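Some notes on the structure that comes next.
The values are calculated or read from the model by the stated rules, or taken from the named source; none is laboratory data. Just so we're clear, the structure is a prediction, and the values are computed from it rather than from any experiment. Note that each Cβ is placed from the backbone with ideal geometry, even for glycine, and that neighbours are counted across all protein chains shown. Side chains are part of the model used for accessible areas, which takes the heavy atoms of the whole protein and leaves out ligands, DNA and RNA. Shrake-Rupley method; radii C 1.70, N 1.55, O 1.52, S 1.80 Å.
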Amino acid sequence: MNYLSGFFGGLVTIMMHIIPVTILWSLLTGEVIFGMDIIGNFMAMVTALGNSGFVGLVAIVFVMYFFNYCKKDCAKK
């Protein structure tokens with residue numbers, strides 16, 4: 001079980017480093033990378049959460065909790 005959680009923790013860490021690079025690439029070149037429009041997807045997510053009212057607020061709190069928990073958990077390893 002520890003091996004599996006370490007694998008997924010490392011995978012999340014890698015993705016958290018790739019996302020800013022893809023955003024920067026999209027801003028500098030105007031092209032999508034890996035077939036994903038990161039900025040467009042992020043703007044759609046923000047719009048959807050903004051239109052959701054209280055449910056959107058709960059979703060944002062849940063996502064922020066997940067990222068803060070991952071930072072603490074990943075720092076232990």
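A Cβ distance below 9 Å, combined with a sequence gap of six or more or placement on separate chains, defines the contacts here; from the stretch 3-14, residues that are under 16 Å from Asn68 (Cα atoms) reach residues that are surrounded by 11 or more Cβ atoms within 10 Å (Cβ to Cβ) in the pairs Gly9/Cys70; Gly9/Asp73; Gly9/Cys74; Gly10/Cys74; Val12/Cys70; Val12/Cys74; Thr13/Cys70; Thr13/Cys74. Annotation note: Cβ proximity below 6 Å between a residue of the stretch 17-35 that is aliphatic (A, V, I, L, M) and a residue that is open to solvent by less than 100 Å² (accessible area, probe 1.4 Å) (sequence gap 6+ or interchain) occurs for Ile23/Ile38; Ile33/Thr22.
Note on the stretch 31-61: residues that are part of a helix (DSSP H, G or I) and either modelled with pLDDT of 80 or more or over 20 Å from Thr13 (Cβ atoms) (or both) total 20. Of the residues making up the stretch 16-40, those that are polar (S, T, N, Q) and either touching a His at 6+ places or on another chain (Cβ under 8 Å) or surrounded by 10 or more Cβ atoms within 10 Å (Cβ to Cβ) (or both) are Thr22, Ser26. Of the residues screened, Gly50 is not one that is under 19 Å from Asn68 (Cβ atoms) and either open to solvent by 60 Å² or more (accessible area, probe 1.4 Å) or out of contact with any Phe, Trp or Tyr (no Cβ under 8 Å at 6 or more places or on another chain) (or both).
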